[in-house]
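J.: Pasting a structure here, questions to come.
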Amino acid sequence: MSQSFAFYDQRASDAADAAQAATLDNVRERNLRAEKTWRALADQAKKVEGDRKKAAAVRQERLDREAAEAAETSEIAVVQQA
């Protein structure tokens with residue numbers, strides 16, 4: 001189950017709002033801890049998203065390079081046969 005940054009960020013905001021509205025200290029502290037956890041998860045989700053984009057770009061560059069090398073190799077083979 002993969003959650004997005006927006007999901008985690010919304011949960012963090014909800015926890016912050018609940019903490020602000022809490023009248024009992026233990027409830028406020030619980031919600032502040034929850035907010036901290038949700039924010040950490042949101043940060044991690046954002047990092048993973050960025051890492052995936054970088055990996056996809058690297059993968060595409062490699063595929064493009066391999067395709068160019070394959071095309072070059074096939075051109076050389078055609079020239080040698082002629």
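J.: Label-point separation (nm) for Glu61 and Glu75, each offset 7 Å from Cα along Cα-to-Cβ?
T.: The modelled label-to-label distance comes out at 2.2 nm.
J.: Just to check I understand the Karplus step: with θ = phi - 60° and J = 6.51 cos²θ - 1.76 cosθ + 1.60, what whole-Hz values come out for the stretch 5-14, glycine and proline as x?
T.: Rounded to whole hertz, the list is 4, 4, 4, 5, 5, 5, 5, 5, 5, 4.
J.: A follow-up question, please. Return the sequence-ordered ³J(HN,Hα) values of the stretch 63-75 in whole Hz as given by the Karplus equation 6.51 cos²θ - 1.76 cosθ + 1.60 applied to θ = phi - 60°, using x for Gly and Pro.
T.: Computed from phi, the couplings for the stretch 63-75 are 4, 5, 5, 5, 5, 5, 5, 5, 5, 5, 5, 5, 5 Hz.
J.: Still on this model: If you stretched the chain out fully between Gln20 and Ala40, how much longer would it get, using 0.36 nm times the residue separation minus the C-alpha to C-alpha distance? Mind dumping the intermediate values first?
T.: Values: separation 20, 0.36 × 20 = 7.20 nm, distance 1.93 nm.
Taking 0.36 nm per residue and subtracting the Cα distance, the gain is 5.3 nm.
J.: Apply the Karplus curve 6.51 cos²θ - 1.76 cosθ + 1.60, θ = phi - 60°, to the phi angles in the stretch 35-47 and return the couplings in whole Hz, x for Gly and Pro.
T.: Here the 3J(HN,Hα) series is 4, 4, 5, 4, 5, 4, 5, 5, 4, 5, 4, 5, 5 Hz.
J.: Which listed residue (Ala57, Trp38, Thr23) has the Cα farthest towards the positive end of the charge dipole for the stretch 14-82, taking +1 on Lys and Arg C-beta and -1 on Asp and Glu C-beta about the Cα centre?
T.: Thr23
J.: Which entry in [x] 55, 7, 6; [y] 20, 17, 11; [z] 32, 13, 9 is this structure's computed semi-axes √(5λ) of the Cα gyration tensor in Å?
T.: Correct label, based on the coordinates given: [x].
Every read-out reported here was derived from the displayed coordinates using simple, explicitly stated rules and does not represent laboratory data. Every value quoted in this text rests on a predicted model; they were computed, and no experiment measured them. All Cβ positions, even for glycine, are placed from backbone atoms using ideal geometry, and neighbour counts span all protein chains on display.
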